[in-house]
Amino acid sequence: MNKKKIAIIGAGASGLSSCKSALENGLEPTVFEKGSKVGGLWSSDPNIRKVWDNMQTNISKYSVCFSDFPPYKSYRDDEIFPNNKSVYKYFTDYSKEFNLYNYIKFNSSVTKVTREYNNNNNSKNNNDNNNDNNKDNNKDNNNKDNESFKWKITINNNEEEEDELFDFLIVSTGVFTKPQELPTLLNDLKSFTGRISYSQEYRNSERFKDKKVVVLGTSYSGCEIAAEISNVSSKCIVVGRENKWVIKKFLPNNIGKIVPLDFLFFNRERCYQGAKLSIYERWDKKNKVFSKYCPLQDPNITPDSKVPVHYNQLKSNNNNDSNNDDNNKDNENIKPVFSIISESYIDQVEKGLIKAYSGNGFRIVESLSDGNSLKFQNDLGETYIEEGIDEIVLCNGYKLELNFLEEDLLKEIGYLPSDSFQPLILYKNLFPPKTKNIAFISLYRGPFFTECELFSRWATGVFSGKLNYPTNQEIEQDLKIQLEKRFKVPRPQFPILDFIYHSESIAKEIGCLPDFQELEKSDKELYKILWSDCFFCSASYRLVGDGAKPEIAKSTLMNYYNDFKKSLEK
């Protein structure tokens, strides 16, 4: 029997895990990678990579890995937060371990994806009617819908175009496709005579030595790039509309020992407890925790803070139903909590090596006629001018680009490339409303390795027939939630409020979520490691279910637990 063929676009974290999952589910994958190396934004291909020379992950190696390929198989023991070369090596080691290179076509840019209908169902209208009328979501009907057409993938390979047909398609290009366009700002800067570049072009600080540099943006890349540039520049200025809590990678635990932030923040028991809170209670709790670790940013602790985060306290709520936001109307002045991770940004600000014009809507409003002076203004009407600017680095985020897809499919998935928060409207951020043989993996802001891999397992499980496609009712209900997220004001930092709880929900769909109540009875030690006594990790999703590797999972969990216990030793 011929295996069903699946095309996967992109060989980053989502593409590689999708390739492996496809093989595990009996599918025949082909990965199309436009670059010459694996790794996506972490690739060593200079034409593809989006990282700079000294960039490190902002979460530890325990979280920058897949469930059945633990960090000690690739990362150095003494490297807690891997640099870009180490992450690239992890991807190459992972690809070799699971024989993925045999299924990857490099230097293959997908230029067009179209539907190729079979003889029995040769019109788009027939396919749409089948999708609309299909109320039965068993495996037979899933396969029938999937076979109504194939995907014709057009690839440009060394300036030659070729077509190939596939039964299924996974789009895993990542959201870091192109920098967000800023036409209004660029028009305001038309008289600026210095150099303007985007963060994706940044590699190191060499060319900024002894220059006066403006970095626009206060997200992760903006703060990290500014911190690096400030070591060599004559002056480094950061401009950003809002201040975010800046969390260091290493933090003191409850006995004062410095540990990776994963050890403190990634905990399954606390995650489940947090899920019971209202959104306002969650934000209030986060502000209190971040204030503890970022006292220099809390104006209640440091009144003359140079990068203050102003926040409102939660008012008491006497209603017992804390999950009902209607009971929290008095707390609507509590705004979403924004944070980034940077080991040195605040230190550089405090040393005076970075001048921050951030918070209260600070922005660049114009370049002056002399060609090298910039005017900054905030929402309070305060205006400042900095002269002698040599360079501007724009760290304003990226936009998703899916121009190889047909217009009707883009319409179906609510494609809005200017919305970096949630550029697509999909069922559970994975499946389109109607078209059943395509999935979009991790194309939203902020997915972790764990989520990428779980999405891959879910999608390929459905395509293979092992897992059922969601019902029309389930799809309709979740699409309403996704649309609400897109138009919610004010928006939270990420569309997924808690990546652990989100991961648990996907694992439940796949059937790889451990039964914690049963585990508490059968293996109390393992239960405590998973639930409360250690930090969350993806290996827990290889204990049970399809694709389970309990020996590897338990070995990994014990390895993590031993490292965690060392952090509790005085």
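Compute the helix-to-body angle for 279-293: its Cα long axis versus the longest principal axis of the chain, expressed 0 to 90° and rounded to tens. The two axes meet at around 50 degrees. Using θ = phi - 60° in the Karplus curve 6.51 cos²θ - 1.76 cosθ + 1.60, the 3J(HN,Hα) couplings for segment 171-180 round to 9, 9, 6, x, 8, 8, 8, 9, x, 4 Hz; x is entered for Gly and Pro. Each label point was placed 7 Å from the Cα along the Cα-to-Cβ direction; for Arg241 and Ser36 their separation is 4.0 nm. Rg/Rh for segment 393-511 stands at 0.95; both radii use Cα atoms, and Rh follows the Kirkwood definition.
Rounded to the nearest 500, the helix-only mean residue ellipticity at 222 nm of the chain stands at -9000 deg cm²/dmol, with each DSSP H run of n ≥ 4 adding -39,500 (n - 2.57). A protection proxy built from the mean count of other Cβ atoms within 10 Å ranks the segments 458-470, 409-421, most packed first, as 458-470, 409-421.
Each Cα pair of segment 327-425 feeds into the Kirkwood radius, which the Stokes-Einstein equation turns, at 37 °C and 0.692 mPa s, into a diffusion coefficient of 183 µm²/s.
Rounded to the nearest whole Hz, the Karplus-based 3J(HN,Hα) values (6.51 cos²θ - 1.76 cosθ + 1.60, θ = phi - 60°) of segment 90-106 follow the sequence 4, 5, 5, 5, 4, 5, 6, 4, 10, 6, 7, 4, 5, 10, 10, 9, 7, with x at glycine and proline.
Take every pair of alpha-carbon atoms less than 8 Å apart whose residues are at least six positions apart; their mean separation over the length of the chain yields a relative contact order of 19 percent.
Taking a straight Cα-Cα cut-off under 16 Å and skipping sequence neighbours fewer than 8 places away in the same chain, the lysines within cross-link reach of Lys257 are Lys248, Lys249, Lys292, Lys565, Lys566, Lys570. Between Ser191 and Ser567, what is the FRET efficiency for a Förster distance of 60 Å, r being their Cβ-Cβ separation, to the nearest 0.05? After rounding to 0.05, the efficiency reads 0.65. Against the main long axis of the alpha-carbon atoms of the chain, helix 472-487 sits at an angle near 10°.
Built from the Cα atoms of the chain, the convex hull projects on average onto 28.5 nm², one quarter of its surface area. For Val215, nonlocal amide neighbours, meaning residues 5 or more places apart or on other chains whose placed amide H falls under 5 Å from its own, are Ile237, Val238, Val239, Val393.
Beyond 29 Å in Cα-Cα separation lie the following of the pairs Lys276/Lys521; Lys211/Lys375; Lys315/Lys428: Lys315/Lys428. Amide H contacts for Ser233 (H built 1.01 Å from N in the peptide plane; partners 5 or more residues away or on another chain; cut-off under 5 Å): Asp210. At full extension, Ile301 and Glu401 could sit 31.6 nm farther apart than now, given 0.36 nm per residue minus the alpha carbon distance. Going 7 Å from the Cα of Lys549 in the Cα-to-Cβ direction, what parts of segment 82-122 have a backbone nitrogen less than 18 Å from that spot? Residues 89-103 qualify, since their backbone N sits under 18 Å from the label point.
Sequentially through segment 3-13, phi angles give Karplus couplings (6.51, -1.76, 1.60; θ = phi - 60°) of 6, 5, 9, 10, 8, 10, 9, x, 10, x, 4 Hz, Gly and Pro residues having no value and appearing as x. Residues Tyr384, Tyr427, ordered by accessible area of protein heavy atoms at a 1.4 angstrom probe radius and largest first, appear as Tyr384, Tyr427. Database remark: amide H of Asn396 closer than 5 angstrom to the amide H of Ser199 (H placed geometrically; neighbours at sequence offset of 5 or more, or on other chains; Pro and chain starts carry no H). As a rough guide to protection, the peptides 432-440, 496-504 ranked by mean Cβ packing within 10 Å, highest first, stand as 432-440, 496-504. Counting 0.36 nm for each residue step from Asn360 to Glu160 and taking away their Cα separation leaves a gain of 66.9 nm. For segment 440-570, averaging the sequence separation of C-alpha pairs within contact (under 8 Å, six or more residues apart) and dividing by the residue count gives a relative contact order of 20 percent.
The values are calculated or read from the model by the stated rules, or taken from the named source; none is laboratory data. Treat the numbers as computed from the prediction; the structure is a model and nothing was measured. Positions of Cβ are backbone-derived with ideal geometry, glycine not excepted, and every protein chain shown enters the neighbour counts. For the accessible areas, the whole protein counts, side chains as well, though only heavy atoms, and no ligand, DNA or RNA atoms are used. Shrake-Rupley method; radii C 1.70, N 1.55, O 1.52, S 1.80 Å.
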